[in-house]
Amino acid sequence: MALSKWNIFIMALCTGLIVANIYYSQPLLILISEEFGVSESNAGQVTFFTQIGYALGLVFCVPLGDKLERKGQIIGMTAFASLALIASGFSKSILMLKATGLLIGFTSVVPQLILPMAAHLSDPARRGKIIGNIMSGLLVGILLSRTLSGVVGAHLGWRAMFWIAGGISLLLVVIMAVSFPQSRPTFSGSYGQLMASLFTLVKEQPVLREASVINACSFAMFGLFWTTVVFLLSGSPFHYHSDVIGLMGLAAAAGALGAPLIGQIADKQNPRIAVGYGIIFLFAGFVLFYFSRANIIGIIAGIVAIDLGLQGIHVSNQTRIYALLPEARNRLNTVFMTVSFIGTSLGSGIGLWVWSVGKWPAVCVAGVSLITIALLVYLLTYKKASPVKGVVQEG
């Protein structure tokens, strides 16, 4: 079944609304710490456990999309996500909230099931554009979730945000049941064989290795920037409050809307070329950051540049890996996104460290260093980054 424009729109909408689940808690941590009478760092562990849950879902649930009927798996996991969100709103202790946060993250990997499904059902000539459209939804969801959560938390309390998110997820279950097409995989082996094949893919697919490392570097840059820009904008000369800083997500969302265009470029040319363009945009963004540390217009322009660069790299790399082995798209995506997620986490940690050492100039140097690593991998693996087909034996 070919995907219609309506199918693509619904997939992008569902992707954005579900991925937002793992970010809602971040602006609510102060409110949570006050209600439960715990330290801010203790409350911050809610976000940590949510991220751990997401990582576990990536590794253990996303590969199943190559074995199970995808629509049923997506609907089932979204229903469980709704229950976890509602349970979070009824939490009686910080420990319970951490546990439900783990479940929210684990069940909110649905976007990483939708993307391979869309790639499987799309025309190869339009695959990049379709992935770009759905990625726009995902990235807008990530970037605007914090803004929405902050507003709801300030006016209705932190519990209301979880209940609203749970209601949204329940509504999405109905929409998915009506709108999503069936997508049946071909893998017939055991779950153990399915998981073991992940290592075979890493070993025998150079495109997957190259795309994953470059993506990890660009996601590390993303994590580094968004972790430290709060410190920059809350200090001199800006002295912005959290609500104004949250609006920076709107600038990044503007960049996210470029994903469909980047996908079209990936369809018309070698997608690897678009990865190179993305690296150039990342460099341009950090040059703007360095020379505009006291100029908000320059900062905003840099945010748009790095987000366009991230789109160029991520959408094009995803298009490349989905073309390798159609029967293994979920497993390819598991490797790709797990490595990317590790990059984001490392980037956040690096950002905190370099800020403590040298403030914003050190952040810019670290960002350029990460992008340079991505560029070196891009240049040095040119001849090796070609598809190797047929290496994963189906059970």
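For this structure, a couple of remarks:
- Each of Thr15, Pro111, Asn330 was scored by the projection of its Cα onto the charge dipole of the chain, and the greatest displacement toward the positive side belongs to Asn330; charges sit on the C-beta of Lys, Arg, Asp and Glu.
- Helical contribution to [θ] at 222 nm, DSSP H n ≥ 4, -39,500 (n - 2.57), averaged over the chain, rounded to 500: -26500 deg cm²/dmol
- Pairs of lysine residues in the chain that meet both criteria, 8 or more places apart or on different chains and Cα atoms under 23 Å apart, total 13.
- Rg/Rg_globular for region 188-384, with Rg_globular taken as 2.2 N^0.38 Å and Rg from C-alpha atoms: 1.08
- Relative exposure of Ile214, Ile30, Ile297, Ile114, judged by other C-beta atoms within 10 Å (fewest first): Ile297, Ile30, Ile114, Ile214
- Sequence-distant contacts, meaning Cα pairs under 8 Å at least 6 residues apart, place the relative contact order of region 188-384 at 39 percent.
- Remark: spin-label model distance Ile342-Val38 equals 2.8 nm, labels positioned 7 Å along the Cα→Cβ axis.
- Neighbour net charge for Met96 - beta-carbon separation under 14 angstrom, K R +1, D E -1: +2
- Under the convention that each Lys and Arg Cβ holds +1 and each Asp and Glu Cβ holds -1, the size of the dipole of the chain around its Cα centre is about 740 debye.
- Take the Cβ atoms of Leu352 and Ala177, set R0 to 41 Å, and the FRET efficiency comes out at 0.45.
- Hull shadow area, averaged, region 72-198 [alpha-carbon convex hull, nm²]: 9.8 nm²
- Residues Glu210, Glu40, Glu35, ranked from the fewest to the most other C-beta atoms within 10 Å, line up as Glu40, Glu35, Glu210.
- Ordering Tyr277, Phe60, Phe48 by Cα displacement along the dipole of the chain toward the positive end leaves Tyr277 in first place; charges were set at the Cβ atoms of Lys, Arg (+1) and Asp, Glu (-1).
- Relative contact order (%) - criterion: Cα under 8 Å, at least six apart; region: region 72-231: 30 percent
- Efficiency of FRET between Phe199 and Ser234 - r from beta-carbon atoms, R0 41 angstrom, step 0.05: 0.40
Bear in mind that the values in this text are calculations on the coordinates, not laboratory data. The shown structure was predicted, so the numbers you read here are calculated from the model rather than taken from an experiment. When we count neighbours, we look across all protein chains shown, and the Cβ atoms used for this are built from the backbone with ideal geometry, even at glycine.
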